[in-house]
Structures are given as structure tokens and as C-alpha cells.
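Heads up, the thing below is written out as C-alpha cells.
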Amino acid sequence: MNAFTLNRRSVMLSAVAGASSMLIPGLANSGTAHAQATPALAGNAGHYRFRVGDISATVLSDGVIGGPPRVYASDAPEAELQEVLRQVFLPADHMTLNLNTLLIETGGRRILIEAGAGKTMGPNGGQIFDNLAAVGLAPADIDAIVISHAHPDHVGNLRTADGGKAFPRATVFVPKADWDFFVRTDPDLSYMPVPEEFRLRFAANIKNSLAPFMNDVELYEAGAEIVPGLTTIVASGHTPGMATFLVHSGNDQLLLTADLAYHPVVNVDRPWLPGPDRDKETALASRRRIFDRAAADRLPVLGFHFPFPGLGRMLKTDGGYAWVPANWQF
Ligand SMILES: [Zn+2]
């Protein structure tokens, strides 16, 4: 690609962004639209191993989803948002979000934290099964799956195409308040800055994905310890029951931030509020409380939607926070 075509492309992207910024359209279809623009997954690793004390940990990518940047930075002034995206070489019209599920192996059990999106949010999810196979595991090797909140990109892989359990032996842990809100009722999702058609599909995908577990789901209250070494932390606001996680062994800890932030560029380095947060004030308080802890204790952090493998640390700055990605470990 020469400089001329690059310029042509950026001009075209800017034009698209200008047209879309008022309406926030296209989230439902954006995955399809960008499937052609995204280079094929051509053999790069989608798994990343490390340790937390005695616990073996592996980030397993389920692929990516995404949408208009405005969705994830609902209160950003348009000119500032565009300038920030330009400065970090991100496209103006589409923000890619990763799906970094975490497998931990401890006490003879294999526990998956988040199930990933599958195809519920576009065609580029559903990679977790290949990445499990790449580390020598099958879905039947998973003993438990712990979900931070019930959005489709966190539960989408739980159900097979024919309605069965995709992880046949796994006990599935879901926050009780999210089960009550998304599964037991027909929730009002009008707060989400997406088209009505998208909201209906979003709600249906949650119920479908969790349907195989109606009789044996384990509902938990954030704050509970799921197994020794995996503690849940209250982080409500994004959804009624969202939890984040602390994986701990000896002096080592790893903090998972779930959907307190979608992309560090807009929700850590800038203080902008994710549009899908149901109660933005409560979500902001949760974000600050948990980011403050991460910064004060200099904790390793895993961001579910951050650029793969999603590991780094948070610094407190004069005006907020800064994300510092971890160096790749071979
Ligand atoms: Zn999410």
C-alpha cells in the first residue's frame, strides 16, 4: 500500500465516521461489514500462558467483536474522540474489542472465567474452541465456568447449535442479580445506545445461551469466593449483578476488570462512559473503586475486551488513569 492509497483510505474512514456519529447505527451489522476488512486469523497464537503463584493461567481468545467507537465512549465530545483515535492509529468508525477469556487450573480443577461471545455479536467470535484445542484441551475438560455478567459476549458459547451444553461437564456460575434481570424477566434495554432490532436480538441471545442451564445454574452474589484462589468482587452498574475477579495464590494476584472498561484508550486513558452501562453513576463508582485498588496495589490486570492478551497495569495520573500493557513473556 502506498501513501496515496493510505490517505484515500483515511479520508474515506473520516467521511464514514462523520456520517455515523449522530445516529450510532450499524452496530448489529458492523461485525459483518468489518469481516472483510479484518485480516484473516492466519495462525497467530490465540492463547497466552502465565502463572499467578501456584495457579496456571491461560488467556484463551474467543476472537473479536466491535462497533462504532461512540458506543463505548458515550459522553465523549465528538472532536476529542476523533482526535484520540487518530493519535493512537485506530480507525475513526470502528472499535475492535477482544474477547479474552481466562482459563485457570488450580486444585485439580479447570475453571474458565467468561464463556466468550460465540457468533452472538458478529462472525469473528467463537474462536475459544480452537484455542482450547491448541493447548490440548476439549470442552469436556472444563469443570466450571464463571461469568462476570450475562451479556451475550460473555455467555454466547455456552449453548451448542442444537440447544445442548457446549461444555458438557461444566458447572456454570452466574451473578444472581443478572439472572433475575436478564433471564427471569424481559428486561427494558432502552438505555442501550443501539437500534431496537439489536436490543431484541441481544436479549434473546442471553436467554438462548443460558437455556441449557435453567435447572442447574449456580447463582452467586458478588463478593463470594468461587473456589480457593478465585474471589468475586462487587462491580455493579454495567449490569445489575456484574462482578469482577481476583485470582490469588500466595503473594501473587491478578485482577480481572470484566466490562468496567471496554477499550483502555477510551475508558482508562480517558474517562468516557461506556454506552451499554445500565446505571452509569454506579458503574463509574465501581470503576473508580476497582481501578484505584489496581493502581494502589500495582496489581497485574486482565481486561476482558483489551487488546490481546489484555494484560497490563493501571497507573493513577493527575486526572485519572493510564493503561500500561505488560511485556510479552516467552
Ligand atoms: Zn463484554
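Observations on the model:
- Solvent-accessible surface (1.4 Å probe) assigned to Y321 amounts to roughly 40 Å².
- For the stretch 74-125, carbon and sulfur atoms together expose 54% of the accessible surface, with a 1.4 angstrom probe and every protein chain in place.
- Cα Rg, Dmax (largest Cα-Cα span) when computed across the stretch 236-306, Å: 11.9, 38
- Between 0 and 90 degrees, the angle of helix 196-210 with respect to the longest Cα principal axis of the chain falls at about 20 degrees.
- Rolling a 1.4 Å probe over the protein heavy atoms of the stretch 216-330, with every protein chain left in place, gives an accessible area that is 49 percent carbon and sulfur.
- Taking the convex hull of Cα positions in the stretch 110-169, its mean projected area over all directions (nm²): 3.9
- The trypsin sites (Lys or Arg not before Pro) of the stretch 156-250 that DSSP puts in a loop, and whose beta carbon has at most 11 other beta carbons within 10 Å, are R184.
- Low-density loop cleavage sites - GluC sites (Glu not before Pro) in the stretch 195-293, where at most 12 other Cβ are within 10 Å (DSSP): E221
- Near K280, once Lys and Arg are set to +1 and Asp and Glu to -1 for all other residues with Cβ below 11 Å from its Cβ, the sum equals -2.
- Taking only the C-alpha atoms of the chain, the Rg (one decimal) and the largest Cα-Cα distance, Dmax (whole number), read 18.9, 59 Å.
- As computed over the stretch 82-202, the Cα convex hull volume per residue (Å³): 159
- Whole-percent pair-distance distribution, where bins are 5 Å wide, for the alpha carbons of the stretch 153-216: 3, 16, 28, 24, 16, 8, 3, 0
- Pair-distance profile P(r), taking every C-alpha pair of the stretch 133-271, with 5 angstrom steps and integer %: 2, 9, 17, 20, 20, 17, 10, 4, 1, 0
- Exposure rank, largest accessible area first [R298, R49, R287, R70; 1.4 Å]: R298, R49, R70, R287
- Values of log10 I(q)/I(0), in the order q = 0.21 Å⁻¹, for the stretch 268-318 under a Debye, Cα-only, solvent-free model: -0.86
- Across the alpha-carbon set of the stretch 190-254, the Rg to Rh ratio works out to 1.10, Rh being the Kirkwood radius.
The values are calculated or read from the model by the stated rules, or taken from the named source; none is laboratory data. Computed from a predicted structure; not experimentally measured. Cβ sites come from the backbone with ideal geometry, for glycine too, and all protein chains shown count toward neighbours. Only protein heavy atoms, including side chains, enter the accessible area calculation; ligands, DNA and RNA are left aside. Shrake-Rupley method; radii C 1.70, N 1.55, O 1.52, S 1.80 Å.
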